[in-house]
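Shown next, in structure tokens, is the structure this report addresses.
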Amino acid sequence: QMVNYAPFTLLPSAVPKALFEQAYAVQQDFNLLVDAVSQNREFLERTLASTIKVDDFTARLFRIYTQVLEEGLAQSVFLGINRSDYMIDCAVDGTPALKQIEINTIAASFGGLTSRTPAVHRQVLKVLGKTEEASRLVTNNPSQGLALGIAKAWELYGSQSAVVMFLVERVQRNIFDQRCVENELWNRNIRVIRRRFRDVFEKGSLDDARRLYIDGQEVAVVYYREGYVPQNYDPQNWEARLLLERSRAVKCPDIATQLAGTKKVQQELTRPGMLERLLPGRAASVARIRETFTGLYSLDLGEEGDKVAAKAIAAPDHFVLKPQREGGGNNLYGEELRHVLEKIKDSPERTSYILMDKIKPQPSKNYLLRPHSPLKVSECISELGIFGVYVRQGKEMVMNKAAGHLLRTKAIEHADGGVAAGVAVLDTPYLV
């Protein structure tokens with residue numbers, strides 16, 4: 001096993017203060033929206049109908065979702081930890097605007113490690129003689145906010161002896177990020193265990209009240225740090241997932257909330273009038289959310305989808321083609337986008353993608369510090385993520401907040417991919 005430092009930028013990157021504040025201000029609205037979508041069976045069924053015909057992974061998640069609903073939910077406390085990601089789009093006249101890339105509703109990472117980066121950048125600025133600038137870096141501690149949400153869900157579950165289970169991958173490349181959140185829970189005297197799907201399959205069971213037990217310990221909260229890509233599953237892992245979803249334990253996320261984070265849902269939310277239907281009586285929330293939307297287009301079969309496909313094939317550099325996948329490194333751009341769309345433009349397979357306007361951020365120069373990588377100045381672009389945490393008990397929202405931020409920066413030649421995908425590095429916003 002090799003331990004390497006997490007990659008980071010040498011210097012903090014400039015972020016417009018007004019847009020940073022806008023991203024924070026809209027996070028509670030996005031929390032409400034994700035939660036509303038997760039409770040709206042009719043919306044999820046209609047929105048994902050075409051996707052589940054062609055995308056086996058989404059279809060399998062959806063099967064578990066309907067099975068659990070038919071049986072009746074045992075879970076009454078719901079915990080959402082999400083991260084809404086943005087880029088700053090630079091208009092032709094140079095005006096910057098905050099545009100949402102996606103919202104991650106499962107295993108949203110780096111809340112732990114990014115809690116440590118402001119101190120690193122403060123130190124670097126001080127060494128460079130920039131004490132005044134160093135003092136202006138915002139403190140940021142998402143791991144604390146995420147832990148508060150998990151702790152609240154654990155408390156509402158109502159069993160002092162129950163544990164929080166981090167559901168983790170076999171090879172844990174990002175363990176230190178998770179440990180930051182875990183330690184916050186231990187500090188609150190909440191026991192944490194780490195298990196894999198395989199452990200759940202072999203040792204998990206439900207009692208008559210559908211309480212979840214692993215190795216004889218009752219589990220109050222299941223915090224997923226895996227389970228978001230097809231490679232995470234084999235037949236036994238699907239069985240384990242079903243067992244977890246059928247249980248009374250608070251799942252973060254429950255399967256409905258994972259489905260609410262799909263790209264197809266994201267595209268459907270931009271349709272005129274859709275936000276109003278999902279968030280009735282919340283006109284201000286709807287306006288704040290809509291302001292962050294960029295153009296998203298459906299590739300469903302029919303005239304609308306045909307036009308969209310033709311438009312993208314004609315001008316591939318204006319768009320991004322996104323499959324229904326999490327974890328970065330899956331999107332298609334430029335010539336590759338054109339090639340794939342030409343191949344699938346007349347087949348139902350195209351409905352497993354959505355098309356999005358390509359955001360054009362203003363690049364800036366920085367050094368990207370990575371293990372075993374030469375040091376050079378790179379032209380970089382950044383992505384700002386805001387962590388959201390909410391807890392609902394029955395119909396009542398008992399917690400809804402923005403829990404901190406994450407700035408990731410990458411060299412412009414890498415169109416797609418995050419930190420875990422080995423492309424982006426951790427950064428700190430320097431507000432201007």
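Nothing in this text is a laboratory measurement; each read-out follows from the coordinates by a stated rule. Fair warning: this is a prediction, and the values are worked out from it, not measured in the lab. Note that we place each Cβ from the backbone using ideal geometry, even for glycine, and neighbour counts take in every protein chain shown.
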Expressed in nanometres to one decimal, the distance between label points 7 Å along Cα→Cβ at V3 and D208 is 4.8
In nm, the gap between the two label points placed 7 Å beyond Cα toward Cβ at A59 and E239 is 2.2
Intensity falloff of region 222-367 expressed as log10 I(q)/I(0), Debye formula with alpha-carbon point scatterers, at q = 0.19 Å⁻¹ = -1.18
Return an integer: the convex hull volume of the alpha-carbon atoms of region 62-101, in Å³ per residue.
-> 107
Reachable lysines, given that their alpha-carbon falls under 27 Å from the alpha-carbon of K203 and they are not under 8 places away in the same chain = K152, K251
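When you count, for each residue, the other Cβ atoms within 10 Å and take the mean per peptide, how do 213-221, 254-262 rank with the highest first? Before the final figure, lay out the partial values.
On the way: 213-221: 18.6, 254-262: 25.0.
Put in order of decreasing packing, that is 254-262, 213-221.
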Debye intensity ratio I(q)/I(0), log10, the chain, q values 0.06, 0.08, 0.09, 0.13 Å⁻¹ (C-alpha model) = -0.24, -0.44, -0.56, -1.22
Under-5 Å amide H pairs with I354, H placed in peptide plane, nonlocal only = K322
Once label points are set 7 Å from the Cα along Cα→Cβ at both R136 and D93, what is their separation, rounded to one decimal in nm?
-> 2.6
Under a cut-off of 25 Å between alpha-carbon atoms, report the lysines in cross-link reach of K345, not counting same-chain residues fewer than 8 places apart.
-> K53, K263, K264, K307, K311, K322, K358
Diffing region 230-238: the Karplus 3J(HN,Hα) column from phi (6.51, -1.76, 1.60, θ = phi - 60°), in whole Hz with x for Gly and Pro, holds x, 5, 6, 10, 10, x, 5, 5, 5
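Using R₀ = 22 Å, calculate the FRET efficiency as 1/(1 + (r/R₀)^6) where r is the Cβ-Cβ separation of A49 and L69; round to 0.05. Write down the numbers at each step before the final one.
Values: r = 16 Å, r/R0 = 0.73.
Approximately 0.85, to the nearest 0.05.
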May I ask you to order 397-407, 105-115, 120-130 by the average number of other C-beta atoms within 10 Å around their residues, highest value first?
-> 105-115, 397-407, 120-130
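Can you give the local net charge around L73? Use residues other than it whose beta-carbon is closer than 15 angstrom to its beta-carbon, Lys and Arg +1, Asp and Glu -1. Please report the intermediate quantities before stating the final value.
Working: positive: R41, R210, R211, R246, R248, K251, R392, K395; negative: D35, E70, E71, E245, D254.
It works out to a net charge of +3.
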Trypsin sites (Lys or Arg not before Pro) within region 144-180: which are DSSP loop residues with at most 12 other Cβ atoms inside 10 Å?
-> R170, R173
A chain fully extended from S347 to L431 at 0.36 nm per residue, minus the present Cα-Cα distance, gains in nm 25.6 nm
Relative contact order in percent for the chain (Cα pairs under 8 Å, 6+ apart) equals 28
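Counting only helical runs of four or more DSSP H residues, what would the 222 nm mean residue ellipticity of the chain come to if each run contributes -39,500 (n - 2.57) and the total is spread over all its residues? List each step's numbers first, then the result.
Details: 16 runs with 165 residues, N = 432.
Dividing the helical sum by the residues of the chain leaves -11500 deg cm²/dmol.
Expressed as a fraction of 2.2 N^0.38 Å, the rule-of-thumb size for a compact globular protein of N residues, what is the C-alpha radius of gyration of region 27-132? Don't skip to the answer; put the middle values down first.
On the way: Rg = 20.5 Å, N = 106, 2.2 N^0.38 = 12.9 Å.
Taking the Cα Rg and dividing by 2.2 N^0.38 Å, one obtains 1.58.
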